[in-house]
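The values are calculated or read from the model by the stated rules, or taken from the named source; none is laboratory data. Being a predicted model, the structure only gives us computed values, none of them experimental. Don't worry about glycine lacking a Cβ; one is built from the backbone with ideal geometry, like all the others, and counts go over all protein chains shown.
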Amino acid sequence: MNRGRSIPVCSMRCMLCSVVLTLMLCVTAAAGQDRDEAMLANAMRFLGTPYVAHTLDVAPYEEERLVVNCEEVDCTTFVEYVLALSLSGDSARGGDCSEFVRQLTRVRYRDGRVEGYASRLHYFSDWIDNGLRNGFLTDVTATCSSDTLVLHLSYMSSHPESYPQLASSPDNFKRIAEAERRLSGRAIGYLPKDKLPADGLPWIHGGDIVAIVTSIEGLDIAHVGIAVYVGGRLSLLHASQAAGRVVVSSDSLADLLAGKKSWAGIRVVRRRQP
């Protein structure tokens, strides 16, 4: 299992000229569309960054800590770094890492408190709830889509062997199971995939966070990324396991959803701007 390396965000590597050109093409392609410029710009900074899973996991006997590793990301940590950078505003652009670290802690841990493995927001529905409760996210699908589904979460407690921190700690297992019970039974808004056209929808803006709803038993979200409009189509800027790096999908988001049977639709949330 990969051990996360604590790398200051200020030391994030610069991108090659070709990547900068891609950034310009992708952002300008959305001209006329409502969009979050900060989220898009910060997301584009990660283009080409290697996909690596489990960078947040420490050894089971080690205490949970905030890991900052902008050199290797999975789909969730990519979105977390982009959101934390965007919430940090001018301080992040000025090289002040302390505000970025503060915002990342708010984003990744329940109510911004690092209190063990179970305080990390492992289920993305819990992650979204934390952002709504603490005032830095808005739930777009809850307002703009009439479709709902009921959460039934049990995946982590049903597969403890896949999570060393659960298999080795009865307390962690108990706390995760409690979180699953707390979230289960709740209705959430989502957009079924057959209602998403290739060119997107007016209420899905560039820079929005897109969470892909799954039909896998016990799980809520299978993948996450950032909405981006390219050539009039809604695409996904995401850390792709298949590509092995952060990319802008060559297929539209609608086609990505259609290509995976277990992907049922999407939730869309948006950074709350000052």
Does region 155-168 contain at least one residue that is farther than 21 Å from Arg267 by Cα, part of a loop (DSSP other than H, G, I, E, B) and either touching a Lys or Arg at 6+ places or on another chain (Cβ under 9 Å) or not hydroxyl-bearing (Ser, Thr, Tyr) (or both)? yes
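Which fully enclosed helices (runs of 4 or more DSSP H) of region 41-117 have 2 or more residues being within 21 Å of Ala179 (Cα to Cα)?
Details: elements: 75-88, 90-93, 97-108.
Once the helices (runs of 4 or more DSSP H) in region 41-117 are filtered for at least 2 residues that are within 21 Å of Ala179 (Cα to Cα), what remains is 75-88, 97-108.
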Given (1) without any contact (Cβ under 8 Å) to a residue 60 or more places away in the chain; (2) touching a His at 6+ places or on another chain (Cβ under 9 Å); (3) not hydrophobic (A, V, I, L, M, F, W, C), index of the condition Glu99 fails: (2)
Residue check: is Ala254 within 19 Å of Gly131 (Cα to Cα) and either of a type in the set (A, V, I, L, M, F, W, C) or free of Cβ contacts under 8 Å to residues at least 60 places away in the same chain (or both)? no
Residues within region 233-247 that are touching a residue at least 40 places away in the same chain (Cβ under 8 Å) and either out of contact with any His (no Cβ under 8 Å at 6 or more places or on another chain) or closer than 17 Å to Glu80 by Cβ (or both), tallied: 9
With the structure loaded, tell me whether Phe124 is within 28 Å of Asp199 (Cβ to Cβ) and touching a strand residue (DSSP E or B) at 6+ places or on another chain (Cβ under 7 Å) or whether it fails that test. yes
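Take the residues in region 205-223 that are aliphatic (A, V, I, L, M) and surrounded by fewer than 24 Cβ atoms within 10 Å (Cβ to Cβ), then tell me which one is nearest to Arg182 (Cα to Cα).
Taking region 205-223 and keeping what is aliphatic (A, V, I, L, M), we get 209-213, 216, 219, 221-222.
From the residues that got through so far, the ones that are surrounded by fewer than 24 Cβ atoms within 10 Å (Cβ to Cβ) too are 216, 219, 221-222.
On the way: Ile216: 19, Leu219: 14, Ile221: 17, Ala222: 20 Å.
Among those residues, the one meeting the criterion is Leu219.
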Do any residues in region 175-194 that are farther than 15 Å from Phe124 by Cα and modelled with pLDDT of 95 or more have Cβ atoms under 7 Å from those of residues that are assigned to a strand (DSSP E or B) and not charged (D, E, K, R), where the two are at least six apart or on different chains, and which pairs are they? Gly185/Val150; Leu191/Gly265; Leu191/Ile266; Pro192/Ala264; Pro192/Gly265; Lys193/Trp263; Lys193/Ala264; Lys193/Gly265
Taking region 217-239, which residues are β-branched (Val, Ile, Thr) and over 20 Å from Phe124 (Cα atoms)? Val228, Val230
Mind listing whichever residues of region 127-173 are out of contact with any strand residue (DSSP E or B) (no Cβ under 8 Å at 6 or more places or on another chain), surrounded by 15 or more Cβ atoms within 10 Å (Cβ to Cβ) and of a type in the set (D, E, K, R)? Asp129
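Given the options Ile128, Ile204, Ile188, name the one that is within 20 Å of the chain's Cα centre (by Cα) and part of a helix (DSSP H, G or I).
Working: Ile204 fails: part of a helix (DSSP H, G or I); Ile188 fails: part of a helix (DSSP H, G or I).
Exactly one residue qualifies, and that residue is Ile128.
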